[in-house]
């Protein structure tokens, strides 16, 4: 895929998003001028970019959207929901098209039809006088064709034609020069011209005000070449050209044909680039990186200087001092560089949040629920992988909030709640974690209903269910195979349950929880690490080797006298803070020969494995460290019990163990 | 540049591109009496053409190119057919 197309895709996503935001803002306050202007600009720019490629149907639809917005803007009469719906439909289609373009490099085959349909529906909302002449033309409005025929310099040629004539009325867009069009060159390629008439689309402005690059031409022509061949010439400007087939000298039976741009998509090389991910980064962050690299170069040069001094037989003590200073400087720089790189990967929640208002609106419309959706904390930043990984889970949670949380208006009013269900999507920072919540004031989750469903689906036994607290019962919505939907709707028919939400969040290193009060609403709470690239690990020693354990799960390290180990059948346990914990030996887990002499005091890492606590016996505790974990790849990708690796300062590889998986 | 000014004569030559429209317009705006010579033109970009249509300067010479000669120039200049240079 070529560069230009890639940039187009990135830009198109942004512009589509911008237009969607603005349209939704307009829906809330139909008379606001700022979102109107902004939406107009976004659609206008997008239409312009589309013009650079062979995506005519998309251009036609967007052009119609731009015209409609332009007309509404001029009238200053506000915008009705009907217009918003058609505009959003157009933008939504554009978004789908961009997605297809991203995959295949071209528009889908049915795009032409869809583009015209959208354009027609948008234009039908334009006033008569605002409609462009191209669309306003009707059968009775074909006088120009007769005039053309009358003007033909060689009337005999017309009569000699045994094929029908094609009348062309080509009105280039005012900005067509910027798109690289040359209407004269286009006309030149029309075969078998019989008459040409040139005129100004709008009367010429005073001489001093003529804009040389705004096209103001109307080109009318007759061709004897047959509709198909003429059509081919105008295939890239189907919205600007009207072609009529004129049965010889019988204009009253003319039939109108709008060009169909069927499948003229130029196949762009879609190999390679399609999977590449793009990252938009503020220039200042890159500048900082560049500065740091500059300093790094200086620090490196200092080392060369020191090496030179050493070669010249200078006092080693002096050199070693220099080396230490140099090392300290490099260490500081590396830390800063790392921070700067992490910074580049940080992106605000806004990038995904902004897609939700439209999704919620669509859902609420589908389900006929009145929803008052708001968002907080869009500026909260987290690692790109975390933010992007949150989109699907959040969409699903919001879907549930609308589909299951929101009650019909009448029920809400009876319950003394505001008519609209309030749904808040909120993000905030909490230490080095990012919290994201979806809160609704809907009907809440009924523990009795969950118990009933869980019993029916066999997720938990009746006794267990009776013993569980309501909070634990509600937490079962995250259990695999649990789906709350009592009726199958468009929402729940997607085969995605809350269990998928929880596992997606856990994959990102986070947790998902739910709080709910029957009749008062539900809050789904997600807690995520701000970066997933940096992992804090504790190194432990076993035999001569070091292994890493992610510190997230580690509660404590303890020394346990051998005498306090309680053998239970073929397993072991120990008492820790008045709790009996199972004890496992890391050597057994890794199937390594244990050290010959069992020590008097066992070194135990107390950590969580799933929902349970467990003690893991190791030979020694080593330091904690922040590491950049590399996931296992290639042949080792499927290796159980190892999360990844990192390089230690001495060049050795540290394996990061997944203890819960090892215990399995 | 396929457009140049020679005294009171604006000479268009070869393939006139979109960017030729601006100088042509500027020269004609500055002095409406200037004459435009089209004899050496092989193609006229629509932007250049519409400047000629809007300002209707006196035209001299006729392009060799059949398409321009038969269709574009007559349609753009209308009744005021340019005199052929002898």
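A short reminder: the numbers here are calculations on the coordinates, not readings from a lab. Note that the coordinates shown come from a computational prediction; the quantities given were computed from them, not determined experimentally. FYI the Cβ positions are ideal-geometry reconstructions off the backbone, even for glycines, and counts take in every protein chain you see.
Observations, loosely collected:
- Residue A:89-residue A:315 FRET efficiency (beta carbon distance; Förster radius 51 Å; 0.05 resolution): 0.05
- For the residues of B:37-47, the average number of beta carbons from a partner chain within 10 Å of their own beta carbon is 4.
- Residue mean of other protein chain beta carbons inside 10 Å, A:214-224: 2
- Per residue of A:192-198, other chain Cβ atoms within 10 Å of the residue Cβ number 4 on average.
- The mean sequence distance of close C-alpha pairs (under 8 Å, at least 6 residues apart), as a share of the length of chain A, puts its relative contact order at 8 percent.
- Length added when fully stretched, residue A:302-residue A:661, from 0.36 nm per residue minus Cα-Cα: 124.6 nm
- Percent of Cα-Cα distances greater than 20 Å, calculated over region A:500-580: 62
- Förster radius 56 Å - calculated FRET efficiency between residue A:199 and residue A:285 (Cβ-Cβ, nearest 0.05): 0.55
- Nearest 10 degrees, 0 to 90: helix A:391-400 Cα axis against chain A principal axis: 80
- Cut-off 18 Å, label 7 Å out along Cα→Cβ of residue A:325, residues of region A:285-319 by amide N: A:295-319
- Tail weight of P(r) past 48 Å, computed on alpha-carbon pairs of the protein assembly as shown, percent: 44
- Helix-only arithmetic for chain A: the sum of -39500 (n - 2.57) across DSSP H runs with n ≥ 4, divided by the residue total, places the mean residue ellipticity at 222 nm at -12500 deg cm²/dmol.
- Across all directions, the shadow cast by the convex hull of region A:358-417 built on its C-alpha atoms averages 4.8 square nanometres.
- Full-stretch length increase - residue A:453, residue A:428 - with 0.36 nm per residue and alpha-carbon distance subtracted: 5.6 nm
- Taking all Cα-Cα distances within region A:5-82, those exceeding 17 Å account for 42%.
- The relative contact order of region A:497-557 comes to 21 percent, based on Cα pairs under 8 Å that sit 6 or more residues apart.
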